[in-house]
Amino acid sequence: MTDRRHPTEWTPATGAEGFATHVMDGVAGGHDGLAGSPARPSVPPSKRRPPLSVEASVEGVLAGNRTVLARTITLVESNAPAHIAKAQQVIQAILPHTGNSIRVGITGVPGVGKSTFIEALGTLLCQRGHNVAVLAVDPSSTLTRGSILGDKTRMEVLSQQPNAFIRPSPTSGSLGGVARKSRESMLLCEAAGFDVILVETVGVGQSEIAVRSMVDFFLLLMLSGAGDELQGIKKGIIELADALVITKVDGDNRAQAKGAQAEYNRALHYLTPATEGWKPRTYTCSSLNGEGIPEVWTMIERFRETTTVSGFFAARRRDQALAWVYTMVEDQLKANFFAHPAVKAQLPQIERAVVEGKLPVTVAAQTLLEAFERQP
């Protein structure tokens, strides 16, 4: 097919800051010879904003500037060495202004209505005067590493609340769907004045327990009528939940949901509570009409009061901080291992030998570890 464009009518973008397309100049006059307004000049591509300094990031976050907060979270999520160093300076500066929120992890099987529930709960809290931050962790593709990040689109009502902040983030392949930098993002949101942090994870499974290590309260959303309710009790994820909530309890589903609620409560009676001094229970709600949502929040507030008085709330925060240290050490050791020159040099041939069945896996791992332990 012949390209009918004039060479001057389209210019490919060049450089890291260019656009994929260029707006062409309009024609003088209207369509089909009709009178019209003068042609508008083409709009030049906008230039990339200069990076924020550490001081500007800290001041903007503490002032509650949403734009600066979003840009600083992007900085924290970056894996570039220069960005990591800069981000840690920001985190160090805002630490004294953190810790004044309730961190709630929310998970459930795909289709349980996590985003709808979060929107209903978040909107209620905003109407009551709370500042709500939602960290919605979006699953990354195992092929392209890309993510749709569509939570702002799904939470249309909540995103319009002036005291709400929604930040979708890619999982980047991290355990349990919890983005590696979610903890730093929570600290930034707390420093910006958000007193309720809702962390939405991507789904339920044994790996989803990672969310337990970063929140105060762990809420598990359940569906009724999806099969044998007691089958779900076998999953270790329920043993870590501080409460279960059966969603979509409206219309003809009410009777079935009440039966499932009774089954779960009987089963929870035999499980060891995840939080000392707190007995988990099962609740029901409808995110469409708001029924049961206030009761869920009242229960979370009661949890905070109970654990604060007992001292367990602060103790859990301290334990989580230490666990965070060890997680970061493990991540850095893994990065250092694969960046080691000797490991990089031997890895292709060792992988090939393992795949071809010529080298046992244990011997392969030991060989790489020995190469890593030697000085480059």
Check: Considering the zone a paramagnetic label at Arg66 would reach in this model (a point 7 Å from Cα along the Cα-to-Cβ line), which residues of the range 109-136 have amide N under 12 Å from it?
Finding: 132-134
Note to self: Run the simple label-point estimate for Arg128 and Ala315 please: 7 Å along Cα→C-beta, distance reported in nm.
What the structure shows: 2.7
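Within the set Lys114/Lys258; Lys86/Lys334; Lys114/Lys181; Lys181/Lys279; Lys181/Lys334, which residue pairs have Cα atoms separated by over 26 Å?
Lys181/Lys279
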Checklist line | Of all accessible heavy-atom area on the range 58-108, the percent that carbon and sulfur account for (1.4 Å) | finding: 54
Item checked: Contour minus Cα-Cα distance for Ala82 and Arg281 (0.36 nm per residue) -> 67.0 nm
Item checked: In order through the range 353-365: 3J(HN,Hα) via Karplus (6.51 cos²θ - 1.76 cosθ + 1.60), integer Hz, x for Gly, Pro -> 5, 5, 5, 7, x, 9, 9, x, 4, 4, 5, 4, 5
Next item on the list: Give the accessible area for Arg49 in Å² (nearest 10); use a 1.4 Å probe, count only protein heavy atoms, and leave out ligands, DNA and RNA.
Entry: 140
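Would you work out what percent of the accessible area of the range 282-376, with all protein chains in place, is carbon or sulfur (probe 1.4 Å)?
Details: 3750 of 6180 Å².
Heavy-atom surface of the range 282-376 belonging to carbon and sulfur, 1.4 Å probe: 61 percent.
The values are calculated or read from the model by the stated rules, or taken from the named source; none is laboratory data. Here the structure is a predicted model, which means the values were calculated and not measured. Using ideal geometry, Cβ is built from the backbone for each residue, glycine included, and neighbour counts are taken over all protein chains shown. Accessible surface is based on the protein model in full, side chains and every heavy atom, while ligands, DNA and RNA are left aside. Shrake-Rupley method; radii C 1.70, N 1.55, O 1.52, S 1.80 Å.
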